[in-house]
Each structure stands twice: as structure tokens, then as C-alpha cells.
Amino acid sequence: MKLYVTRHGETEWNALDKISGITDISLAPAGIEQARGLAEACAKAGDITRIIASPMRRAQMTAGIVAERLGLPVQTDDRLREWDYGSFEEQPRHTPGFSEAKAAWGCKMPGGGESVFQIVQRSYNVIDDVKRLYPEDNVLLVCHGGICRVIDSYFRDMTVERFMGFFMGNCELRVYEL
């Protein structure tokens, strides 16, 4: 069984290097083109049999473009939504304190956000459920940068530094063996 993982296509906020977390925004024109390229890469892989996506608009748009190309439906799993960055939402990515808040794993983001432990719990639970419920499928998860980071940590040991430095490009496709 393979688990394919991708981050949604580019949004205007991605291009502006703004923190978008749970702010529900659409793909930019460049993101739509990236999603079309992703759809071709998924078609070329030739073995994806199920698509599960975050409920957020940017992930749903990306998944929809891939699903149309592959002739598959899109399942939605709320646990794949992006990290709630609390009061850092809509701020520039290099806002003072943001990196430190991300590295404080057991602490919630200020302003009602989530901790790393919370996103790890829900992301790991998705992977465990996929393994249990769809053992015969090769599944594509369409999600977000923060969730992709956590998914990668499910498969590889990560130091705090590696976790914090992890980056996944828009519509980049990674494959993990389950």
C-alpha cells in the first residue's frame, strides 16, 4: 500500500508569504496550474485509487482537479485541515515569535490556536485509519504544509530542527510505503 501526500496549490497568501493556517482561501491562478500538473503526475503514477482531502477550499480545489483527471471521487476528512495558528493567522511568515511558537510543541498557539501535539494526534490518526480502512488502496492525501510536515514525521524520525525546517512545495508529491 502506498500513501501519496501533497500540499495544495499556491494561494495568493502563499505568494505573499502570509500565514494562512485555517483561513479558508482559494487557489491563485498559479495554484490551479500547479494542480493540473499534479493531476498529470498522479495519472502518470497510475495506481492511485482513493483521494482524501482537507475540507479547506484550497485543498478541495486541488483535489477536485486531480479527481477529475483520475475519474475518482474526493472524500473529505476534517482532520486534514491546516494547523490553527491562532493570532498568527494572516501575519507575515517571519512575524516575531512565530517560529518559537511552532517549536513549543506542547503549547497552543496564542489566540486560541493548536499545539503541535494536537495536529500530530489528528494527522497520525488519519494515517492509522487509512491503513485500517483501505488496505488495498493507494491513497492520495491532499492537505497543507503543516500537516505534510507531521505526516513526514510519521515515517521518519525527526529532531526538532528537522521538523521546523521541513518544507513541502505547493503540489509537490511524496510517496510513503505503508
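The values are calculated or read from the model by the stated rules, or taken from the named source; none is laboratory data. Note that this is a predicted model, so its numbers are computed, not measured. All Cβ positions, glycine included, derive from the backbone under ideal geometry; neighbour counts span all protein chains shown. Just so you know, the surface numbers come from the protein's heavy atoms only, side chains and all, with ligands and any DNA or RNA stripped out. Shrake-Rupley method; radii C 1.70, N 1.55, O 1.52, S 1.80 Å.
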Here, helices (runs of 4 or more DSSP H) confined to segment 1-111 with at least 3 residues that are within 22 Å of Phe167 (Cβ to Cβ) and touching a residue at least 40 places away in the same chain (Cβ under 8 Å) are 29-45, 57-70, 98-103
Only residues that are open to solvent by 70 Å² or more (accessible area, probe 1.4 Å) and touching a residue at least 40 places away in the same chain (Cβ under 8 Å): list them for segment 112-123, please.
none
Could you list all residues from segment 49-93 that are open to solvent by less than 20 Å² (accessible area, probe 1.4 Å) and in contact with a strand residue (DSSP E or B) (Cβ under 8 Å, 6 or more places away or on another chain)?
Ile51, Ile52, Ala53, Ser54, Ala59, Thr62, Ala63, Val66, Ala67, Leu80, Glu82
What residue, among those in segment 124-176 that are modelled with pLDDT under 95 and of a type in the set (A, V, I, L, M, F, W, C), is most open to solvent (accessible area, probe 1.4 Å)?
Phe167
Answer with yes or no whether Thr6 is of a type in the set (S, T, N, Q), under 19 Å from Tyr176 (Cβ atoms) and buried (at least 20 other Cβ atoms within 10 Å of the Cβ).
yes
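Okay, residues lined up against (1) assigned to a helix (DSSP H, G or I); (2) not β-branched (Val, Ile, Thr):
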| site | (1), (2) |
| --- | --- |
| Asp129 | yes, yes |
| Pro135 | no, yes |
| Val150 | yes, no |
| Met158 | no, yes |
| Phe163 | yes, yes |
Test Gly97 against the stated conditions and say whether it is surrounded by fewer than 22 Cβ atoms within 10 Å (Cβ to Cβ), more than 16 Å from the chain's Cα centre (by Cα), small (Gly, Ala, Ser) and at positive phi.
yes
Quick check: is even one residue across segment 75-87 farther than 16 Å from Gly145 by Cα, under 14 Å from the mean Cα position of the chain (by Cα) and of a type in the set (Ser, Thr, Tyr)?
yes
Filter result (within 21 Å of Pro73 (Cβ to Cβ) and either among the charged types (D, E, K, R) or open to solvent by less than 40 Å² (accessible area, probe 1.4 Å) (or both)) within segment 9-48
Gly9, Leu27, Ala35, Arg36, Leu38, Ala39, Glu40, Cys42, Ala43, Lys44, Asp47, Ile48
